Amino acid sequence: MVVAPALGEIMSGRSKRTRRNRVEVRHRRNGRALRINGTFASWYDPDSAITGSVWDALAAPLLLLPRQSRKRVLILGLGGGSAARIVRELAPRAEITGVELDPAVIRAARRWFDLDRLGVRVVAGDALAYLTRSRKEFDIIFEDVFVGSGRSVHKPDWLPEPGHRLAARRLRSGGILVSNTIDEAGPVRRAMRRAFPSTLRIGIEQFDNQIIVGARFPLSGRALRSAVNASPVLAATAARLSFRSDASR
(Lines give C-alpha, C1' and ligand atoms only; values in the text may rest on other atoms or scores of the structure.)
Protein backbone atom coordinates (compact mmCIF):
# COMPACT_ATOMS: atom_id res chain seq x y z
CA MET A 1 0.00 0.00 0.00
CA VAL A 2 1.45 3.34 -1.06
CA VAL A 3 1.00 6.16 1.43
CA ALA A 4 1.77 9.81 0.75
CA PRO A 5 3.11 11.46 3.94
CA ALA A 6 0.33 13.26 5.82
CA LEU A 7 -1.97 12.95 2.82
CA GLY A 8 -3.10 9.38 2.34
CA GLU A 9 -3.08 6.42 0.05
CA ILE A 10 -2.72 6.23 -3.72
CA MET A 11 -4.60 3.63 -5.71
CA SER A 12 -4.50 3.13 -9.43
CA GLY A 13 -5.15 1.02 -12.48
CA ARG A 14 -2.55 0.46 -15.18
CA SER A 15 -1.96 1.15 -18.89
CA LYS A 16 0.89 0.72 -21.38
CA ARG A 17 4.18 -0.40 -19.82
CA THR A 18 7.63 -0.51 -21.33
CA ARG A 19 9.04 -3.25 -19.11
CA ARG A 20 7.89 -6.41 -17.43
CA ASN A 21 5.82 -5.58 -14.39
CA ARG A 22 6.26 -6.93 -10.90
CA VAL A 23 2.83 -8.28 -10.03
CA GLU A 24 2.35 -9.35 -6.42
CA VAL A 25 -0.60 -10.60 -4.40
CA ARG A 26 -0.32 -9.95 -0.68
CA HIS A 27 -2.59 -11.88 1.63
CA ARG A 28 -3.96 -9.97 4.62
CA ARG A 29 -6.14 -11.08 7.51
CA ASN A 30 -9.24 -9.54 5.93
CA GLY A 31 -8.44 -9.73 2.21
CA ARG A 32 -5.92 -9.63 -0.61
CA ALA A 33 -4.02 -6.73 -2.10
CA LEU A 34 -2.76 -6.60 -5.69
CA ARG A 35 0.45 -4.61 -6.09
CA ILE A 36 1.99 -3.73 -9.45
CA ASN A 37 5.55 -2.40 -9.35
CA GLY A 38 4.98 -1.48 -5.72
CA THR A 39 1.69 0.37 -6.32
CA PHE A 40 -1.49 -0.74 -4.56
CA ALA A 41 -3.70 -1.57 -7.54
CA SER A 42 -6.65 -3.63 -6.23
CA TRP A 43 -8.23 -4.90 -3.02
CA TYR A 44 -10.43 -7.94 -2.50
CA ASP A 45 -12.32 -8.97 0.61
CA PRO A 46 -14.13 -12.26 -0.10
CA ASP A 47 -16.78 -11.26 2.45
CA SER A 48 -17.57 -7.81 1.03
CA ALA A 49 -18.15 -6.30 -2.41
CA ILE A 50 -16.89 -2.89 -1.30
CA THR A 51 -13.33 -1.85 -0.49
CA GLY A 52 -13.81 1.03 1.96
CA SER A 53 -11.54 3.06 -0.30
CA VAL A 54 -11.12 4.69 -3.70
CA TRP A 55 -12.93 2.07 -5.76
CA ASP A 56 -16.12 2.70 -3.80
CA ALA A 57 -15.87 6.37 -4.78
CA LEU A 58 -15.07 5.42 -8.38
CA ALA A 59 -18.15 3.20 -8.70
CA ALA A 60 -20.54 5.57 -6.89
CA PRO A 61 -21.56 7.65 -9.98
CA LEU A 62 -23.32 4.57 -11.37
CA LEU A 63 -26.08 5.47 -8.88
CA LEU A 64 -26.77 8.64 -10.90
CA LEU A 65 -28.20 6.45 -13.65
CA PRO A 66 -31.71 4.98 -13.43
CA ARG A 67 -31.61 1.23 -12.87
CA GLN A 68 -32.92 0.60 -16.38
CA SER A 69 -29.98 2.59 -17.81
CA ARG A 70 -27.26 0.55 -16.11
CA LYS A 71 -26.97 -1.85 -19.03
CA ARG A 72 -23.51 -1.43 -20.55
CA VAL A 73 -20.43 -0.60 -18.49
CA LEU A 74 -16.81 -0.13 -19.61
CA ILE A 75 -13.88 -0.20 -17.17
CA LEU A 76 -10.53 0.97 -18.52
CA GLY A 77 -7.80 -0.32 -16.19
CA LEU A 78 -9.57 -3.41 -14.84
CA GLY A 79 -6.78 -4.50 -12.49
CA GLY A 80 -8.00 -7.09 -10.00
CA GLY A 81 -11.63 -6.12 -10.57
CA SER A 82 -12.24 -3.97 -7.46
CA ALA A 83 -14.48 -1.49 -9.30
CA ALA A 84 -16.10 -4.25 -11.37
CA ARG A 85 -17.16 -6.09 -8.21
CA ILE A 86 -19.01 -3.03 -6.88
CA VAL A 87 -20.54 -2.34 -10.29
CA ARG A 88 -21.86 -5.92 -10.41
CA GLU A 89 -23.54 -5.41 -7.03
CA LEU A 90 -25.11 -2.14 -8.18
CA ALA A 91 -26.10 -3.45 -11.62
CA PRO A 92 -26.57 -7.23 -11.46
CA ARG A 93 -27.70 -7.54 -15.08
CA ALA A 94 -25.22 -5.15 -16.66
CA GLU A 95 -22.91 -6.15 -19.48
CA ILE A 96 -19.48 -5.21 -18.07
CA THR A 97 -16.39 -4.94 -20.27
CA GLY A 98 -13.01 -4.57 -18.59
CA VAL A 99 -9.83 -3.61 -20.45
CA GLU A 100 -6.49 -4.58 -18.91
CA LEU A 101 -3.16 -4.56 -20.72
CA ASP A 102 -1.04 -6.83 -18.55
CA PRO A 103 -1.74 -10.60 -18.91
CA ALA A 104 -0.03 -11.19 -15.55
CA VAL A 105 -2.56 -8.91 -13.86
CA ILE A 106 -5.43 -10.78 -15.52
CA ARG A 107 -4.00 -14.12 -14.38
CA ALA A 108 -3.64 -12.86 -10.81
CA ALA A 109 -7.17 -11.44 -10.87
CA ARG A 110 -8.59 -14.75 -12.01
CA ARG A 111 -6.61 -16.84 -9.52
CA TRP A 112 -6.78 -14.71 -6.39
CA PHE A 113 -9.58 -12.13 -6.88
CA ASP A 114 -12.39 -14.32 -8.23
CA LEU A 115 -12.64 -12.20 -11.36
CA ASP A 116 -14.41 -14.89 -13.38
CA ARG A 117 -17.32 -14.94 -10.92
CA LEU A 118 -18.19 -11.36 -11.88
CA GLY A 119 -19.24 -12.14 -15.45
CA VAL A 120 -16.94 -9.49 -16.89
CA ARG A 121 -15.96 -9.58 -20.54
CA VAL A 122 -12.19 -9.20 -20.21
CA VAL A 123 -10.31 -7.51 -23.05
CA ALA A 124 -6.56 -8.06 -22.84
CA GLY A 125 -5.14 -4.99 -24.54
CA ASP A 126 -4.33 -1.29 -24.45
CA ALA A 127 -7.11 1.07 -23.36
CA LEU A 128 -6.31 3.72 -25.98
CA ALA A 129 -6.33 1.14 -28.76
CA TYR A 130 -9.68 -0.14 -27.50
CA LEU A 131 -11.21 3.34 -27.52
CA THR A 132 -9.82 4.00 -30.98
CA ARG A 133 -11.17 0.79 -32.52
CA SER A 134 -14.37 0.07 -30.62
CA ARG A 135 -17.73 1.18 -31.96
CA LYS A 136 -19.73 -0.03 -28.95
CA GLU A 137 -21.59 2.47 -26.82
CA PHE A 138 -21.83 2.40 -23.03
CA ASP A 139 -24.04 3.90 -20.34
CA ILE A 140 -21.03 4.62 -18.14
CA ILE A 141 -17.26 4.47 -18.65
CA PHE A 142 -14.83 4.24 -15.73
CA GLU A 143 -11.26 5.34 -16.53
CA ASP A 144 -8.78 4.06 -13.92
CA VAL A 145 -5.60 4.10 -16.00
CA PHE A 146 -2.12 4.97 -14.72
CA VAL A 147 1.51 4.28 -15.58
CA GLY A 148 4.61 4.37 -13.39
CA SER A 149 5.11 2.93 -9.93
CA GLY A 150 4.90 3.85 -6.27
CA ARG A 151 4.65 7.59 -5.69
CA SER A 152 5.40 8.33 -9.34
CA VAL A 153 2.18 6.89 -10.79
CA HIS A 154 0.57 9.19 -13.32
CA LYS A 155 -1.73 9.25 -16.31
CA PRO A 156 -0.25 8.16 -19.65
CA ASP A 157 0.34 10.92 -22.20
CA TRP A 158 -2.95 10.19 -24.01
CA LEU A 159 -4.99 11.18 -20.96
CA PRO A 160 -6.91 13.33 -20.60
CA GLU A 161 -6.55 14.09 -24.31
CA PRO A 162 -7.39 12.49 -26.64
CA GLY A 163 -8.49 9.64 -24.36
CA HIS A 164 -11.42 11.31 -22.64
CA ARG A 165 -12.66 12.78 -25.90
CA LEU A 166 -12.63 9.31 -27.45
CA ALA A 167 -14.38 7.89 -24.40
CA ALA A 168 -17.07 10.57 -24.58
CA ARG A 169 -17.85 9.43 -28.12
CA ARG A 170 -18.52 5.92 -26.82
CA LEU A 171 -21.21 7.07 -24.40
CA ARG A 172 -24.87 6.56 -25.06
CA SER A 173 -27.25 9.49 -24.71
CA GLY A 174 -27.40 10.30 -21.01
CA GLY A 175 -24.12 8.47 -20.35
CA ILE A 176 -21.47 9.27 -17.73
CA LEU A 177 -17.66 9.37 -17.87
CA VAL A 178 -15.76 8.80 -14.61
CA SER A 179 -12.00 9.28 -14.10
CA ASN A 180 -9.81 8.32 -11.13
CA THR A 181 -7.11 10.98 -10.71
CA ILE A 182 -4.19 11.75 -8.42
CA ASP A 183 -1.88 14.61 -9.46
CA GLU A 184 -3.76 15.16 -12.73
CA ALA A 185 -7.04 16.18 -11.10
CA GLY A 186 -6.75 19.76 -12.45
CA PRO A 187 -6.06 18.89 -16.11
CA VAL A 188 -8.65 16.11 -16.07
CA ARG A 189 -11.27 18.39 -14.55
CA ARG A 190 -10.61 21.07 -17.18
CA ALA A 191 -10.83 18.50 -19.97
CA MET A 192 -14.08 17.16 -18.54
CA ARG A 193 -15.55 20.67 -18.40
CA ARG A 194 -14.67 21.15 -22.08
CA ALA A 195 -16.33 17.88 -23.02
CA PHE A 196 -19.40 17.97 -20.76
CA PRO A 197 -21.78 20.70 -19.59
CA SER A 198 -21.81 19.33 -16.04
CA THR A 199 -19.05 17.88 -13.84
CA LEU A 200 -18.75 16.57 -10.31
CA ARG A 201 -15.86 15.76 -7.97
CA ILE A 202 -15.72 12.98 -5.37
CA GLY A 203 -13.08 12.77 -2.66
CA ILE A 204 -12.43 10.11 -0.05
CA GLU A 205 -11.07 10.68 3.42
CA GLN A 206 -7.32 9.95 3.83
CA PHE A 207 -6.74 9.41 0.11
CA ASP A 208 -5.12 11.71 -2.45
CA ASN A 209 -7.36 10.49 -5.27
CA GLN A 210 -10.11 12.63 -6.73
CA ILE A 211 -12.84 11.11 -8.86
CA ILE A 212 -13.91 13.45 -11.69
CA VAL A 213 -17.32 12.84 -13.27
CA GLY A 214 -18.71 14.31 -16.49
CA ALA A 215 -22.17 14.12 -18.07
CA ARG A 216 -24.43 15.97 -20.47
CA PHE A 217 -27.19 16.24 -17.87
CA PRO A 218 -27.01 18.22 -14.59
CA LEU A 219 -24.96 16.45 -11.92
CA SER A 220 -25.79 17.02 -8.28
CA GLY A 221 -23.39 16.21 -5.46
CA ARG A 222 -26.31 16.34 -3.03
CA ALA A 223 -28.31 13.85 -5.09
CA LEU A 224 -25.36 11.47 -5.36
CA ARG A 225 -24.72 11.67 -1.62
CA SER A 226 -28.37 10.81 -0.97
CA ALA A 227 -28.14 7.85 -3.36
CA VAL A 228 -24.95 6.56 -1.73
CA ASN A 229 -26.47 6.93 1.76
CA ALA A 230 -29.49 4.93 0.63
CA SER A 231 -27.47 2.24 -1.17
CA PRO A 232 -27.27 -1.14 0.60
CA VAL A 233 -23.93 -1.60 -1.14
CA LEU A 234 -22.16 1.73 -0.61
CA ALA A 235 -23.77 3.14 2.54
CA ALA A 236 -20.95 1.80 4.72
CA THR A 237 -18.45 4.04 2.89
CA ALA A 238 -20.72 7.09 2.60
CA ALA A 239 -19.34 8.96 5.63
CA ARG A 240 -15.86 8.94 4.11
CA LEU A 241 -16.90 10.45 0.78
CA SER A 242 -17.24 14.11 -0.19
CA PHE A 243 -19.18 15.38 -3.22
CA ARG A 244 -18.84 18.71 -4.96
CA SER A 245 -20.77 19.80 -8.03
CA ASP A 246 -19.15 22.17 -10.48
CA ALA A 247 -21.32 24.87 -11.99
CA SER A 248 -23.08 23.68 -15.11
CA ARG A 249 -22.48 25.65 -18.29
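Take the residues in the range 141-166 that are in a loop (DSSP other than H, G, I, E, B) and open to solvent by 40 Å² or more (accessible area, probe 1.4 Å), then tell me which one is nearest to Gly38 (Cα to Cα). Quick ask: steps written out before the conclusion?
Start the filter on the range 141-166 by keeping residues that are in a loop (DSSP other than H, G, I, E, B), which leaves 144-146, 148-149, 153, 155-162.
When the remaining residues are screened for being open to solvent by 40 Å² or more (accessible area, probe 1.4 Å), the result is 157, 161-162.
Values: Asp157: 21, Glu161: 27, Pro162: 28 Å.
Only one residue tops the list, namely Asp157.
So which of Arg151, Arg111 ends up being modelled with pLDDT under 95, of a type in the set (D, E, K, R) and under 21 Å from Arg26 (Cα atoms)? Can you show your working first?
Working: Arg111 fails: modelled with pLDDT under 95.
Among Arg151, Arg111, only Arg151 is modelled with pLDDT under 95, of a type in the set (D, E, K, R) and under 21 Å from Arg26 (Cα atoms).
Could you grab me the full set of residues in the range 119-134 that are assigned to a helix (DSSP H, G or I), over 23 Å from Leu62 (Cβ atoms) and touching a residue at least 24 places away in the same chain (Cβ under 8 Å)? Outline the logic, then answer.
Filtering the range 119-134 down to residues assigned to a helix (DSSP H, G or I) leaves 127-133.
Retained after the next criterion (residues that are over 23 Å from Leu62 (Cβ atoms)): 128-129, 132-133.
Once the filter is applied, which keeps residues that are assigned to a helix (DSSP H, G or I), over 23 Å from Leu62 (Cβ atoms) and touching a residue at least 24 places away in the same chain (Cβ under 8 Å), the range 119-134 yields Leu128, Thr132.
Can you tell me which residue is nearest to the chain's Cα centre (by Cα) among those in the range 205-217 that are modelled with pLDDT of 95 or more and part of a strand (DSSP E or B)?
The extreme case among them is Ile211.
How do the pairs read when you match residues in the range 37-62 that are open to solvent by 10 Å² or more (accessible area, probe 1.4 Å) with residues anywhere that are of a type in the set (A, V, I, L, M, F, W, C) and part of a strand (DSSP E or B), using Cβ under 6 Å and keeping only pairs 6 or more apart or on different chains?
Note: pairs meeting the criteria are Trp43/Ala33; Thr51/Trp43.
What is the number of the single condition among (1) assigned to a loop (DSSP other than H, G, I, E, B); (2) buried (at least 16 other Cβ atoms within 10 Å of the Cβ) that Phe243 does not meet?
Going through (1) assigned to a loop (DSSP other than H, G, I, E, B); (2) buried (at least 16 other Cβ atoms within 10 Å of the Cβ) one by one, Phe243 breaks only (1).
Under 9 Å between Cβ atoms, which residue pairs at least 6 apart in sequence (or on different chains) link something in the range 167-182 that is closer than 16 Å to Gln210 by Cβ and outside any strand (DSSP E or B) with a partner that is open to solvent by 10 Å² or more (accessible area, probe 1.4 Å) and acidic (Asp, Glu)?
Ile182/Asp208
Quickly run through the range 199-226 and pick out the residues that are surrounded by 19 or more Cβ atoms within 10 Å (Cβ to Cβ), touching a residue at least 60 places away in the same chain (Cβ under 8 Å) and farther than 28 Å from Gly150 by Cα.
Within the range 199-226, Ala215, Leu219, Leu224 meet the criteria.
Within the bounds of the range 99-118, is there any residue that is assigned to a helix (DSSP H, G or I), of a type in the set (D, E, K, R) and closer than 24 Å to Met192 by Cα? So that I can check it myself, show each step before the final result.
Within the range 99-118, the first condition is being assigned to a helix (DSSP H, G or I), and the residues that meet it are 103-112, 115-118.
Cutting the leftovers down to of a type in the set (D, E, K, R) gives us 107, 110-111, 116-117.
This time we only want the ones that are closer than 24 Å to Met192 by Cα, so: none.
No: the range 99-118 contains no residue that is assigned to a helix (DSSP H, G or I), of a type in the set (D, E, K, R) and closer than 24 Å to Met192 by Cα.
Does Ile106 meet the test of being touching a strand residue (DSSP E or B) at 6+ places or on another chain (Cβ under 6 Å) and either touching a residue at least 60 places away in the same chain (Cβ under 8 Å) or open to solvent by 10 Å² or more (accessible area, probe 1.4 Å) (or both)? Show your work before the answer.
On the way: touching a strand residue (DSSP E or B) at 6+ places or on another chain (Cβ under 6 Å): yes; either touching a residue at least 60 places away in the same chain (Cβ under 8 Å) or open to solvent by 10 Å² or more (accessible area, probe 1.4 Å) (or both): yes.
Taking the combined requirement at face value, the residue satisfies it.
The values are calculated or read from the model by the stated rules, or taken from the named source; none is laboratory data. The model shown is predicted, which means the values in this text are computed figures rather than measured ones. Cβ: placed from backbone, ideal geometry, glycine included. Neighbour counts: every protein chain shown. Protein only, heavy atoms only, side chains kept; ligands, DNA and RNA dropped before computing areas. Shrake-Rupley method; radii C 1.70, N 1.55, O 1.52, S 1.80 Å.
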